[in-house]
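A.B. asks: Encoded as structure tokens, here's the structure I'll be asking about.
The values are calculated or read from the model by the stated rules, or taken from the named source; none is laboratory data. Keep in mind the model is a prediction, meaning the values are calculated, not measured. Note that each Cβ is placed from the backbone with ideal geometry, even for glycine, and that neighbours are counted across all protein chains shown.
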Amino acid sequence: MPGFFSKQRITAKPGFSRWLVPPAALSVHLCIGQAYAFSVFNEPLSRIIGVTTSAPDDWKLTTLGWIFSLAIVFLGLSAAFAGKWLEKVGPRLTMFVAACCFGGGFWVAALGIYLHTIWLVYLGYGVIGGIGLGLGYVSPVSTLIKWFPDRRGMATGMAIMGFGGGAMIGSPLSVLLMEHFKSASSVGVMETFCVMGSFYFISMLIGSLTIRIPPSDWQPAGWTPAIVENRMITDKHVHIDQALKTPQFYLLWLVLCMNVSAGIGVLSQASVMIQEMFKGSVTPAAAAGFVGLLSLFNMGGRFFWSSTSDYLGRKNTYFIFFVLGACLYATIPSMGMHGNMLMFVLLYAVIMSMYGGGFSTIPAYLADIFGTRFVGGIHGRLLTAWSTAGVLGPVLVNYIREYQIQQGVAKAEAYNVTMYIMAGLLLIGFVSNLLIRPVHEKHHMRHDEFDELDGAYPHTQVK
């Protein structure tokens with residue numbers, strides 16, 4: 001069995017098309033992207049006992065809100081701690097473990113629903129499922145970067161686009177299954193979790209079986225590596241542990257954290273926000289359509305912006321995110337006050353495209369700065385910024401809104417201060433991005449260090 005999962009076993013043979021690798025990555029990312037659609041379960045989960053209405057012993061929405069937060073926290077933690085292991089064992093084993101955790105997490109959570117034990121739901125979807133999210137998220141990324149050294153941004157955009165689009169499959173699928181399984185004694189969530197866990201496990205398993213890595217001497221036909229100094233693309237490599245000793249790592253951590261905090265906070269309250277800011281003009285169904293539109297731009301932005309970064313450069317792309325994003329956030333309150341719903345929706349659509357683009361551009365940015373050899377592990381550790389943002393963003397939006405309302409501010413205006421704070425976060429990201437410089441040569445790996453690692457990393461080309 002170890003041979004089946006080994007890197008040697010999944011090294012591509014001559015004639016293998018690199019375009020077969022993105023579908024393997026997508027089969028994983030489209031599954032784990034379901035996390036963005038978890039909110040469809042919150043209301044039914046609050047009626048597990050009462051079925052038609054919430055009973056006194058049913059879970060509160062505030063209690064259920066921690067399921068998603070835990071999943072995002074453990075996504076970042078697992079990606080950080082398993083990143084080095086990923087580089088050692090390769091993507092097939094990592095993706096297989098991700099399939100077991102994410103699919104199995106649904107089953108453990110289903111047991112928690114059956115027993116009405118919230119800590120089992122936390123453990124299942126939040127902890128075990130969150131670990132599956134983290135491993136599944138990072139495992140194909142470094143492989144794609146090595147297959148597409150000529151188009152790093154486009155390659156990572158193809159996979160991470162799937163994570164943004166996973167909700168577009170997961171949301172209607174969840175609703176359809178709950179509708180099918182609901183009865184006079186059940187809201188259908190437990191049965192839905194069992195089916196979805198099985199479905200996602202099989203899909204992610206297929207991805208793990210079809211993934212391939214390039215041989216050590218592989219390069220795209222007709223491609224010659226070119227170092228473009230003003231884009232800070234290096235041909236050197238920084239060890240995963242050494243990367244943590246560079247200021248560039250922490251500046252990039254802030255870049256990702258600020259971009260995600262601003263976007264995820266709004267995304268978590270998008271439906272409620274548009275209904276409160278345009279009270280009486282937006283129905284719950286229309287608000288759901290607004291959320292769907294944001295998901296579409298979130299997904300499309302992941303491919304568009306990361307592909308664009310291949311031409312603009314990663315640093316310039318993030319400058320656009322931060323400058324344009326801050327201006328848009330600062331403009332949104334006036335759109336609400338003037339009742340301009342069309343511009344409100346349009347501004348948020350652009351913001352969400354840059355939110356998604358931030359996720360897909362960061363792996364290529366890391367490869368430019370630290371080299372490709374350990375980019376998967378370094379990316380994993382950087383995703384702790386996502387864990388932080390997953391708590392920071394929603395907490396800022398929710399608690400500032402609640403405080404504003406308690407102070408007598410109308411619900412339609414309760415988000416104004418929050419929008420200015422989000423703009424401020426993006427300005428912090430702007431400064432962090434401005435300070436990023438090429439890594440000092442003292443952090444680069446020496447050739448004798450490459451020789452020691454060749455057995456562990458046979459697929460990586462060393463120049």
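A.B. asks: Here is a check on your reading of the model: is Arg47 in contact with a Ser or Thr (Cβ under 9 Å, 6 or more places away or on another chain) and not assigned by TED's automatic domain parsing to the domain that holds Trp386?
C.D. replies: Here the answer is yes, as Arg47 does meet what is asked.
A.B. asks: Hey, among the residues in the range 353-373 that are closer than 15 Å to Gln248 by Cα and among the hydrophobic types (A, V, I, L, M, F, W, C), which one's surrounded by the fewest Cβ atoms within 10 Å (Cβ to Cβ)?
C.D. replies: Selected residue: Ile369.
A.B. asks: Within the range 235-254, which residues are among the hydroxyl-bearing types (Ser, Thr, Tyr) and in a helix (DSSP H, G or I)?
C.D. replies: Tyr250
A.B. asks: Exactly one condition in (1) farther than 26 Å from Trp66 by Cβ; (2) at pLDDT below 85; (3) of a type in the set (S, T, N, Q) is false for Ser171; which is it?
C.D. replies: (1)
A.B. asks: Being in contact with a helix residue (DSSP H, G or I) (Cβ under 7 Å, 6 or more places away or on another chain), hydroxyl-bearing (Ser, Thr, Tyr) and more than 22 Å from Ser78 (Cβ to Cβ) narrows it down to one residue among Ser387, Ser306; which is it?
C.D. replies: From the options Ser387, Ser306, the qualifying one is Ser306.
A.B. asks: All but one of (1) farther than 26 Å from Ile213 by Cβ; (2) β-branched (Val, Ile, Thr); (3) at pLDDT 80 or above hold for Ile378; which doesn't?
C.D. replies: Status for Ile378: all satisfied but (1).
A.B. asks: Further, regarding this structure: Does at least one position in the range 306-313 carry a residue that is β-branched (Val, Ile, Thr) and either assigned to a helix (DSSP H, G or I) or surrounded by 16 or more Cβ atoms within 10 Å (Cβ to Cβ) (or both)?
C.D. replies: yes
A.B. asks: For the range 24-65, which residues satisfy the criterion of being aliphatic (A, V, I, L, M), closer than 17 Å to Val121 by Cβ and not in a loop (DSSP other than H, G, I, E, B)?
C.D. replies: Ala35, Ala37, Val40, Leu45, Leu61, Leu64
A.B. asks: In this structure, is Met341 surrounded by fewer than 24 Cβ atoms within 10 Å (Cβ to Cβ) and in contact (Cβ under 8 Å) with a residue 24 or more places away in the chain?
C.D. replies: yes
A.B. asks: Looking at the range 411-428, is at least one residue of a type in the set (Asp, Glu), surrounded by fewer than 23 Cβ atoms within 10 Å (Cβ to Cβ) and at pLDDT 85 or above?
C.D. replies: Within the range 411-428 (the criterion being of a type in the set (Asp, Glu), surrounded by fewer than 23 Cβ atoms within 10 Å (Cβ to Cβ) and at pLDDT 85 or above), the answer is no, since none of the residues qualifies.
A.B. asks: Can you spot a residue in the range 11-23 that is in contact with a strand residue (DSSP E or B) (Cβ under 6 Å, 6 or more places away or on another chain) and either outside any loop (DSSP other than H, G, I, E, B) or over 26 Å from Ile240 (Cβ atoms) (or both)?
C.D. replies: Scanning the range 11-23, I find at least one residue that is in contact with a strand residue (DSSP E or B) (Cβ under 6 Å, 6 or more places away or on another chain) and either outside any loop (DSSP other than H, G, I, E, B) or over 26 Å from Ile240 (Cβ atoms) (or both), so the answer is yes.
A.B. asks: Let me ask something else about it. Which pairs turn up if I take residues in the range 398-422 that are touching a residue at least 12 places away in the same chain (Cβ under 8 Å) and look for partners that are surrounded by 15 or more Cβ atoms within 10 Å (Cβ to Cβ) and assigned to a loop (DSSP other than H, G, I, E, B) with beta carbon separation below 7 Å, at least 6 apart in sequence or on another chain?
C.D. replies: Every condition considered, the pairs that remain are Asn398/Gln269; Arg401/Ala414; Arg401/Tyr415; Gln404/Ala414.
A.B. asks: Need pairs with beta-carbon distance below 8 Å; first residue in the same structural domain as Leu205 (by TED's automatic domain parsing) and within the range 125-152, second part of a helix (DSSP H, G or I) and among the acidic types (Asp, Glu); sequence gap 6+ or separate chains.
C.D. replies: Ser142/Glu87; Arg151/Asp310; Arg152/Asp310; Arg152/Asp368
A.B. asks: Further, regarding this structure: Just to be sure, is Pro220 over 26 Å from the mean Cα position of the chain (by Cα), of a type outside the set (A, V, I, L, M, F, W, C) and at pLDDT 80 or above?
C.D. replies: Criteria met by Pro220.
A.B. asks: Step by step: first the residues of the range 287-299, then only those that are at pLDDT 80 or above and surrounded by fewer than 19 Cβ atoms within 10 Å (Cβ to Cβ), then the one that is nearest to Phe163 (Cα to Cα). Which residue is that?
C.D. replies: Per the stated criteria, the residue is Leu296.
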